[in-house]
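Contents: one structure, followed by commentary.
The values are calculated or read from the model by the stated rules, or taken from the named source; none is laboratory data. Every value quoted in this text rests on a predicted model; they were computed, and no experiment measured them. Methodologically, a virtual Cβ is constructed for each residue, glycine included, from the backbone with ideal geometry; neighbour enumeration extends over all protein chains shown. Protein only, heavy atoms only, side chains kept; ligands, DNA and RNA dropped before computing areas. Shrake-Rupley method; radii C 1.70, N 1.55, O 1.52, S 1.80 Å.
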Amino acid sequence: RELNLVGFFFTFGLVSLWGAMAYTPAHFASTEPFLLLFFVMYCTIAVLFAHRQPLQLRGFIDGPLVFGLPIVASSLQAYLVQDFRYGMALSALGLGVWYIGLARLLWNKFSDGMRVLCEAFLALGVVFASLAIPLGLDPHWTTAAWALEGSAMIWVGVRQKRTGARVFGLLLQLGAALAFFDHNGIDSSSLPLANRFFLSTALIGVAALFSSFWFDRLGEQARRWEPSLPQFLLIYGLIWWYTGGLVDLHEHRYLLQPQPVFLLYAALSTAVLAWISQRFAWSRLQLSLLLLLPMMALV
């Protein structure tokens, strides 16, 4: 295991250094195959590592390889294809198809021993496939990718009782928030609620709510500092969701009247949150439904 991790960090560390210091678009044809080769190699290593565990550890996955690999590889891929119009959108779609197909293959052959690994690959596949459309509209989606990856890490950390994975997931979501503030403002020519600004805030909010849900499922395995996280992440996610919608609608006030549209946005959000709280028996989420009342009063 240690050799796998050393190889992973040094391989992609050297690749990143060379890319920052010497890569030019003329090198694309000779560089892209190596990036794909390294990606497939370390993805296969993660599968073999999970497959070769002793019987009592079946389903255990190597988090840095499984979740660190797509983060690093997708970042390098974005750097390589930045000059192509739909380069990152097609790359995200390819990653989504790869992970979903790999999850299906492993599930058919090793459904009992690799259930958690299959679920992790399926989650990664859904994340990247869902990012293909917004990436086709705007290539600067580091924020969304990090937020969703962070929530996936928290899910795995809760399922496998791994504190390190949960901490790493929280750090990724913090990084997503910091990356968000590096972006420029809202593009005035974009559509309301269908632009990089809003979708970034919405995905950060959704990732935080998803993380809050799974931290609520920790139960007795929670560390001393974790019982307060579900409430904090719930409030944090709702702030991103509602503030992002309000700011975006206000910036597009030349196209629509922001007040009544925001009221509709808040009402539909409340209806969805109510359904989620009942469907998944998440009592903590029910308090968020009361937010509709002050929003109605303000409008």
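In table form, for the structure just shown:
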read-out: One residue from GLN278, GLN231, GLN286, GLN259 being open to solvent by less than 70 Å² (accessible area, probe 1.4 Å) and more than 20 Å from SER200 (Cα to Cα); value: GLN231
read-out: Top-ranked residue of region 74-107 - restricted to ones that are aromatic (Phe, Trp, Tyr) and either under 25 Å from ALA50 (Cβ atoms) or surrounded by 17 or more Cβ atoms within 10 Å (Cβ to Cβ) (or both), ranked as modelled with the lowest pLDDT; value: TRP107
read-out: Region 180-226: number of residues that are buried (at least 22 other Cβ atoms within 10 Å of the Cβ), under 15 Å from TRP155 (Cα atoms) and not hydrophobic (A, V, I, L, M, F, W, C); value: 2
read-out: Qualifying position, being among the aliphatic types (A, V, I, L, M), out of contact with any Leu (no Cβ under 7 Å at 6 or more places or on another chain) and outside any loop (DSSP other than H, G, I, E, B), among LEU255, LEU246; value: LEU246
read-out: Conditions (1) of a type in the set (A, V, I, L, M); (2) surrounded by fewer than 18 Cβ atoms within 10 Å (Cβ to Cβ); (3) more than 22 Å from GLY150 (Cα to Cα); number of the one not met by LEU122; value: (3)
read-out: Tabulated pairs, region 170-199, first over 13 Å from TRP240 (Cβ atoms), second among the hydroxyl-bearing types (Ser, Thr, Tyr) and modelled with pLDDT under 85, C-beta under 7 angstrom, 6+ apart or interchain; value: ALA179/THR142; ALA179/THR143
read-out: VAL272 being within 27 Å of ALA123 (Cα to Cα), of a type in the set (A, V, I, L, M, F, W, C) and part of a helix (DSSP H, G or I); value: yes
